[in-house]
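Q: This is the structure I have questions about; it appears just below.
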Amino acid sequence: MKLVYFAWVRERIGVAEEDVTPPAGVATVRELLEWLKTRGEEYAEALKYPEAIRVAINQEHVRHDERIAGAREIGLFPPMTGG
Amino acid sequence: MSCRVTVRIQSEPFDTADEMAAISGGDSDVGAVVTFSGLCRDEAGTLHALEIEHYPGMAEAEIGRIADAAAKRWPVTALTVIHRHGKIGIGEQIVLVVAASRHRHAAFSAAEFMMDFLKSRAPFWKKEHRSDGTEGSWVDAKEADERALSRWDRD
C-alpha cells in the first residue's frame with residue numbers, strides 16, 4: 001500500500017510518500033502506526049504521540065480503529081489548519 | 001432541490017466579485033448571496049507570509065463532501081469554495097466560500113457550516129514564514145475550531 005505524509009509528519013519522516021507492506025497481524029490504523037514507529041528513529045519521532053495523528057484511507061477520514069485491509073492509499077497528517 | 005457545487009484548489013488569487021457574479025448569474029430565483037473570505041494575518045507584525053500545504057485529490061473530495069452535507073441541510077441553489085495553496089502574503093485571500101439561495105437564512109447558515117467543517121476537516125496545513133527570517137513553525141490546530149463543529153450536531 002502507498003503511504004502519503006503531510007506537514008510536520010512528512011518533514012519528520014523525511015519522505016513525502018512510500019510503498020510499504022505491513023506484516024500480517026497489522027490489521028488496524030492503530031496497529032499500522034505502532035508498526036511504523038519501529039521502522040526507525042525518524043518514524044518514532046514523527047509518530048511519538050499517535051493519538052495526535054489524523055488518518056485517511058483512500059482519501060477519506062477514518063478513526064484509528066478502522067481496518068486497513070484493501071487500502072490503496074493511507075494518508076498520515078497532523079490536525080488540519082485550513083481556512 | 002439540486003445544488004450546483006463548485007470546488008477549486010489553486011495557487012492563484014481569485015476575485016470575489018467574479019465568483020459572486022458567476023454563482024447568481026442567469027438564475028433569477030437567487031435572492032441571497034453570502035460570501036466569506038479568509039485572509040492571511042501578520043500576527044502583530046511577526047509573519048510575512050503563510051505557506052499552505054494540501055493533500056491533492058482528498059482536499060477537493062473532502063470539501064465536496066462538506067458542500068454536499070450543507071446542500072442536504074439547507075435549500076441552497078449553489079455553493080462555491082475556493083481554497084488556495086502555496087505561499088500567501090499578508091492581506092491576501094486564502095479561502096472563499098460563496099453560498100446562494102432564495103432567502104438569506106439558508107445562505108448564511110450554509111456558509112458558516114462549510115467554514116466550520118473546512119477548518120478542521122479539509123486537509124490543509126499552514127506553515128509560518130516569519131518576518132525576522134527565522135524558521136517558522138506549523139500552525140497548531142485550535143481546540144475551539146474542533147468544538148465549533150459540535151454546534152451543528154443533531155439527531
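Q: Using a 1.4 Å probe on the heavy atoms of the protein chains only, list every residue of region B:47-88 that has 40 Å² or more less accessible area in the complete assembly than in its chain alone.
A: Listed by number, the residues meeting the 40 Å² cut-off are B:E53, B:Y55, B:M58, B:R65.
Q: Moving on. In whole Å, what is the distance between the alpha-carbon centres of region A:9-40 and region B:1-27?
A: That distance is 39 Å.
Q: Give me the number: length gained by fully extending B:F108 to B:T16, i.e. 0.36 nm times residue separation minus the C-alpha to C-alpha distance, one decimal in nm.
A: Extra length from B:F108 to B:T16 when fully extended: 31.5 nm.
Q: Anyone know which of B:K127, B:K87, B:K142 comes out most mobile in the 10 Å Cα GNM of chain B?
A: For chain B, modelled as a Gaussian network with Cα springs under 10 Å, the answer is B:K142.
Q: Run the helix sum for chain B: -39,500 (n - 2.57) per DSSP H stretch of 4+ residues, divided by residue count, reported at 222 nm to the nearest 500 deg cm²/dmol.
A: Details: 4 runs with 49 residues, N = 155.
After summing the helix terms and dividing by the residues of chain B, the value is -10000 deg cm²/dmol.
Q: Quick check for you: with a 1.4 Å probe and neighbouring chains kept, what is the accessible area per residue of region A:2-77, in Å²? Show your work: numbers first, answer last.
A: Numbers: 4080 Å² over 76 residues.
Value returned for region A:2-77: 54 Å² of accessible area per residue.
Q: Here's a follow-up. When the distances between all Cα atoms of chain A are binned every 10 Å from zero, what whole-number percent does each bin get?
A: In whole percents, the pair-distance histogram is 18, 60, 21, 1.
Q: Compute the accessible area per residue over chain B, keeping the other protein chains in place, probe 1.4 Å, unit Å².
A: 50
Q: B plus A alone minus the pair: what accessible area, both sides summed, probe 1.4 Å, in Å² to 100? Each step should come with its number before you reach the end.
A: Working: alone 8700 and 5190 Å², together 11990 Å².
When B and A are taken together, about 1900 Å² of accessible area is lost.
Q: For chain B, modelled as a GNM with alpha-carbon contacts under 10 angstrom, which of B:S137, B:S109, B:S101 fluctuates the most?
A: Result for chain B, Cα springs under 10 Å: B:S137 fluctuates most.
Q: What translational diffusion coefficient, to the nearest whole µm²/s, does the protein assembly as shown have by Stokes-Einstein, given a Kirkwood radius computed over alpha-carbon pairs, a temperature of 25 °C and 0.890 mPa s viscosity?
A: 128
Q: Testing the spin-label approximation: label points 7 Å from Cα along Cα→Cβ at A:E34 and B:S2. State their distance in nm.
A: For the pair A:E34/B:S2, the computed spacing is 4.9 nm.
Q: What GluC sites (Glu not before Pro) in region B:56-155 are in a loop by DSSP, with at most 14 other Cβ atoms within 10 Å of the Cβ?
A: Counting only loop positions with at most 14 other Cβ atoms within 10 Å, the GluC sites (Glu not before Pro) in region B:56-155 are B:E92, B:E135.
Q: In whole Å, what are the Cα extents of region B:44-122 along the three principal axes, biggest one first?
A: So the extents along the principal axes, rounded to whole Å, are 41, 28, 17.
Q: Are there any residues in region A:37-83 with a reduction of at least 50 Å² in accessible surface when going from the isolated chain to the assembly of protein chains? Probe 1.4 Å, please list them by number.
A: Residues meeting the cut-off: A:Q59, A:H61, A:M80, A:T81, A:G82, A:G83.
Q: Scan chain A and hand back the longest stretch that contains none of the trypsin sites (Lys or Arg not before Pro) lying in DSSP loops with at most 16 other Cβ atoms within 10 Å.
A: A:1-38
Q: Still on this structure, I have one more. Taking all protein chains as present, what is the carbon and sulfur share of the accessible area of chain A, in % to the nearest whole number, probe 1.4 Å?
A: 46
Q: Hey, another quick one. Between B:I23, B:I63, B:I90, which gets the highest mean-square fluctuation from a Gaussian network model of chain B, Cα cutoff 10 Å?
A: B:I90
Q: Once you place label points 7 Å from the Cα toward the Cβ at A:E11 and B:S150, how far apart are they in nm?
A: The modelled label-to-label distance comes out at 3.1 nm.
Q: Share of region B:1-67's accessible area from carbon and sulfur, percent, 1.4 Å?
A: Carbon with sulfur: 51 percent of the solvent-accessible area.
Q: Tell me the volume per residue, in Å³, of the convex hull enclosing the alpha carbons of chain B. If you can, show how the numbers build up before the last one.
A: Details: hull volume 18.1 nm³, N = 155.
Cα convex hull per residue, to the nearest whole number: 117 Å³.
Q: Could you please state, rounded to a whole Å, how far the C-alpha centre of region A:42-83 is from the C-alpha centre of region B:78-111?
A: Using only Cα atoms, the two centres lie 27 Å from each other.
The values are calculated or read from the model by the stated rules, or taken from the named source; none is laboratory data. The structure presented is a predicted model; accordingly, all values stated were derived computationally and were not measured. Neighbour counts are summed over all protein chains in view; Cβ atoms, including those assigned to glycine, are modelled from backbone coordinates with ideal geometry. Calculation scope for accessible area: heavy atoms of the full protein, side chains included, ligands and nucleic acids excluded. Shrake-Rupley method; radii C 1.70, N 1.55, O 1.52, S 1.80 Å.
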